[in-house]
Structure formats: structure tokens, C-alpha cells
Amino acid sequence: MEKIRLCIGSNDGRSVAKTHMGDTQFFYIYDLFENSEYQFVAKRVNIGKDLEHAKTEKMKVITDIVKDSDIFIARQRSPNFVQIANKTKYQPIVVKADKIDEIIMILHKSFQEILNYVTRRRNGETFDIIPEF
């Protein structure tokens, strides 16, 4: 069964932060399965939160914290999201929904589309697409 690992920046574990992902207190990690199930994996502290925004150092610290993720979820398209899309194995996604459980339901509806992006990245391809759901 196919699986995609999500990283969601949140300060409370219920809602995605309205700010950039890298400015949140925590990262919530979930596994999303093709059969519409999901599983909470971990809550990780963002030790890079106070580093200067849009800098390579901050992006490196954050990607080290969540290096086992396939997708980064945020409410805003940040300068680092563009860099992540163009230069890394991670697929950034911008969401309009606020609640984490709503976001997971929305992502399940587009599972195959998202899996296609993730598979391309797992195979070493980088590209500038940042989908919005």
C-alpha cells in the first residue's frame, strides 16, 4: 500500500499555522495511506523557528528535523517553499483549510495526484510546482 509522509507546521496540533511553516513551534508528522487511512507519527519541536527567515541555514535546520517527510504543508507560499520545490526532494503544498483533520481529508481526495509529485521527487526530479488545495 502506498504511503505519503506529511509534515504540517502547527502551534497547537489542531490547526495549520497561518504563518510560514518554518515559523511554527512544532511539526506534526502524519502518514497518509492510499486507502484513505492516516496515522499520527510524531510531534517535533522546531528548533529553527527563530532563525532569520528566507535563509538557507533555516531551511537546512528545518529539513534536518523533518527529513523523513515527503510533503511540507503550509498556508502560505514562502520564499523557502519555492527553494524547497526547486532544489530538494520535498514537495511543498499550500492549503486553504485551517484544521489538520480537514487538510488530511482534502489531501486524501487528491492522493494520486500528490503521489505522482512525490514519486517524481523520490526518483530525483525537482520542479517548481507547488500545488494548492
query = Rounded to the nearest 5, what is the percent of antiparallel bridges among the DSSP beta bridges in segment 3-122?
reply = 70
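How high is the relative contact order of segment 3-122? Use alpha-carbon pairs under 8 Å, at least six apart in sequence, and give a whole percent.
28
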note = Going through Lys67/Lys87; Lys3/Lys87; Lys18/Lys99 one by one, the pairs whose alpha carbons sit over 18 Å apart turn out to be Lys3/Lys87
message = Are there any GluC sites (Glu not before Pro) in segment 72-133 that are in a DSSP loop and have at most 16 other Cβ atoms within 10 Å? List them by number.
response = Glu125
inquiry  = Please report, ordered by residue number, every helix of the chain (full DSSP H runs) that is 15 Å or longer along its axis going by C-alpha atoms and whose mean Kyte-Doolittle hydropathy reaches -1.0.
reply    = 111-122
task = Specify which residue in the list Val41, Ile104, Phe27 is farthest towards the positive end of the charge dipole of the chain, using unit charges on the beta carbon of Lys, Arg (+1) and Asp, Glu (-1), about the Cα centre.
result = Phe27
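Read-outs throughout are calculated quantities, based only on the coordinates presented, and are distinct from any laboratory measurement. Values in this document were obtained by computation on a predicted structure and should not be read as measured data. All Cβ positions, even for glycine, are placed from backbone atoms using ideal geometry, and neighbour counts span all protein chains on display.
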